[in-house]
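The values are calculated or read from the model by the stated rules, or taken from the named source; none is laboratory data. Only a predicted model underlies this, so the values are computations on that prediction, with no experimental measurement involved. Note: ideal-geometry Cβ built from the backbone for every residue, glycine included; neighbour counts use all protein chains shown.
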Amino acid sequence: MPKIRLLSEQVVNQISAGEVVERPASVVKELVENSLDAGATSVTVEIERGGTRLVRVGDNGVGMSREDALLCFERHATSKITSEQDLYSIASLGFRGEALASIAAVTRVELETTEEGSDIGSRVVLSGGGVDAVEDSARPPGTTITVRHLFFNVPVRRGFLRSVETETRAVMDIVFRLALARSEVGFRLIAESREIWNLPAVGDMHQRLLQLIGAERVDGMFPVRVLVPGVAVEGFVGIQPAASSSRRQQMVAVNGRPADAPIIRAALVELLQAGGRSGRAEAYLHLRVDPSAVDVNVHPAKREVRFRDPGRIRAALAAALKEATRGTVGSQEVPAGEGPPTGTPSPPGRSRQGEFLSLVAEDGAAWEHRPAGRMSGGGPPPGLTARAVPLIQISETYMVARVGDALTVFDQHACHERIMYEETLRRLGGSRGMAQQLLFPLTVDLSPQELSLAEEYADDLRQVGFDIRLFGRATVLVEAVPADIHTDITEGLVRKVLAGLGEEHGALAGRHHRIASSIACHASVRAGDVLSDEQMRDLIDRLLATETPHACPHGRPTFIQISAGELDRRFKRV
Ligand code: ADP
Ligand code: MG
């Protein structure tokens, strides 16, 4: 008889630490977000050896009582929600209540905190999650958390840490994003005892950007501002020549939180393509949306934000970006009917620095009722989503919907392939994809060829969300897979992806295309899969938010349409 045992608290924390704590930068992110949630107006981040030896975050926030100072390391300890209702309206930077528990499980932590209005604070020392000491502290109000020796007790994960330079860059990247998202807070970053940034609190994002990248670069960019019901976007976009060597930055904040929102990247790509530009887009954007319209807790590290209505936000953004950069080299006039979805277009021409272009739609309803007649041409109609449309599945292969006035039939596999393909490509070219840790890591035996491919492409696979490591001579251990993949197809998928890679060695684009199309093909829903209403809606919404919704990566159509006019002809009405 097999014996079932409950995992100890310690092991559970270590497993979930794998989801929250990936590298020093993730520790910095969690600690700084907590400081911001605590109302800090000044945050200092200090790292040693890229944060692997030490991460220290100090703030002047509200601090914690002795009781809270001990409680905060317990799993699901949070002061940020008390009821389920709060889940939908939360404005703070996260509420899963597991960051500190996860961090404490894999490091040595020292917490010093003093509550506002209190003379005596607390100092708590923990090691691997266990409390070693509790004593009084004389710290002024606020909190300092020092995290030492990341993964000291998890050698496997320690092995995955990169060089000091790489980890330092990752920390700089996250502090940059946090500072950009919260210009009203002062930030300092110190690495190896050297001050990298000292950013006093400022009035707006423009000034924060001046502090971070300097006037010369900021002046070359275009201010963007969009206001539509429920969504406000503000920030700067620039177009760099393709030859420019400076790193392309696309940084997005949503409601004061740095976030990766794929639809924003998609809108930027669209901007370049629509204008036939060969350059690259640089963008610093802040979206403010009704908190109930975003889901920030889809990922344990809260790295990606999902919108409940992506089509609408993407359309508003695409229109604003076009408008903001109108009149620049290589740009194209916005054709009639493709501008802002409704309402008053802003005056043409580019604005001067500091003045924002506004696209204001007064009538929110227009989004939903806009006729959608141009699907075969250039991209999906703005604002279209599958939310309100009744859907039917036919033959467990096709999804049928009314889109505008047209009967529209989607191929469920082709749709999902397109979505997965673009998502994978984006991960290969940008920030690492969301991974889901497998509770039971999978061993896969490989041929020598497959094994050498797995080694050769280790970085790409990791980038996409796989966590694969050698385990014995001809076996690999799969510890994590991309977040949106069914875990029961993992073994077949790993083999098929590797097989696809082995077919030919070519250019980078070709290599990325092969990984992406292989994952898309093998990880997507298939003909024969029964889909719920919700799944169908989700697929169609996400398809419409892709860059090229019309075809799967192999060139098959993802949907076909029969217009009302065509029906008229077929029924011999005209
Ligand atoms: P969460 O942020 O999801 O609530 P954490 O594990 O990150 O979970 O933090 C647990 C709790 O510890 C927070 O809800 C908060 O009450 C407290 N806390 C953590 N960091 C700070 C800080 N810098 N200042 C004040 N309170 C803090
Ligand atoms: Mg937190």
Go through (1) modelled with pLDDT of 80 or more; (2) surrounded by 16 or more Cβ atoms within 10 Å (Cβ to Cβ); (3) touching a strand residue (DSSP E or B) at 6+ places or on another chain (Cβ under 9 Å) and name the single condition residue 416 misses.
(3)
Go through the stretch 168-192 and give me each residue that's under 17 Å from residue 431 (Cα atoms) and touching a strand residue (DSSP E or B) at 6+ places or on another chain (Cβ under 8 Å).
168, 171, 172, 174, 175, 176, 177, 178
Subset of the stretch 59-72 [in contact with a Gly (Cβ under 7 Å, 6 or more places away or on another chain) and either on the phi < 0 side of the Ramachandran plot or more than 10 Å from ligand 1 (Cβ to nearest atom) (or both)]:
59, 60, 61, 62
Whether any residue in the stretch 62-81 is surrounded by fewer than 22 Cβ atoms within 10 Å (Cβ to Cβ), modelled with pLDDT under 90, within 16 Å of ligand 2 (Cβ to nearest atom) and more than 22 Å from residue 129 (Cβ to Cβ) is what I want to check.
yes
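Per-residue answers, yes or no, for (1) of a type in the set (S, T, N, Q); (2) at pLDDT 85 or above; (3) under 14 Å from residue 179 (Cβ atoms):
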position: 210; (1), (2), (3): no, yes, yes
position: 240; (1), (2), (3): yes, no, no
position: 245; (1), (2), (3): yes, no, no
position: 266; (1), (2), (3): no, no, no
Quickly run through the stretch 125-157 and pick out the residues that are in contact with a helix residue (DSSP H, G or I) (Cβ under 6 Å, 6 or more places away or on another chain), within 16 Å of ligand 1 (Cβ to nearest atom) and either over 23 Å from residue 25 (Cβ atoms) or not β-branched (Val, Ile, Thr) (or both).
126, 129
Could you check how many residues of the stretch 30-56 are within 15 Å of ligand 2 (Cβ to nearest atom), farther than 13 Å from residue 187 by Cα and in contact with a helix residue (DSSP H, G or I) (Cβ under 6 Å, 6 or more places away or on another chain)?
2
State which residue is surrounded by the most Cβ atoms within 10 Å (Cβ to Cβ) when the search covers only the stretch 13-50 and only residues that are among the polar types (S, T, N, Q), modelled with pLDDT under 90 and within 12 Å of ligand 1 (Cβ to nearest atom).
13
Can you name the residue in the stretch 105-136 that is within 22 Å of residue 40 (Cα to Cα) and of a type in the set (Gly, Ala, Ser) and, of all such residues, is surrounded by the fewest Cβ atoms within 10 Å (Cβ to Cβ)?
117
What are the residue pairs meeting all of these: first residue in the stretch 519-538, first residue more than 28 Å from residue 463 (Cα to Cα), second residue acidic (Asp, Glu), Cβ atoms under 6 Å, and 6 or more apart or on different chains?
528/396; 530/396
Cβ pairs under 8 Å, 6+ apart, first in the stretch 24-37 and not assigned by TED's automatic domain parsing to the domain that holds residue 152, second surrounded by fewer than 24 Cβ atoms within 10 Å (Cβ to Cβ) and assigned to a helix (DSSP H, G or I):
none
List every residue pair whose Cβ atoms sit under 7 Å apart, with the two residues 6 or more apart in sequence or on different chains, where the first one lies in the stretch 391-408 and is on the phi > 0 side of the Ramachandran plot and the second, anywhere, is β-branched (Val, Ile, Thr) and outside any strand (DSSP E or B).
396/530
Within the stretch 157-176, does at least one residue satisfy the condition of being of a type in the set (Asp, Glu), surrounded by fewer than 22 Cβ atoms within 10 Å (Cβ to Cβ) and under 11 Å from residue 284 (Cβ atoms)?
no
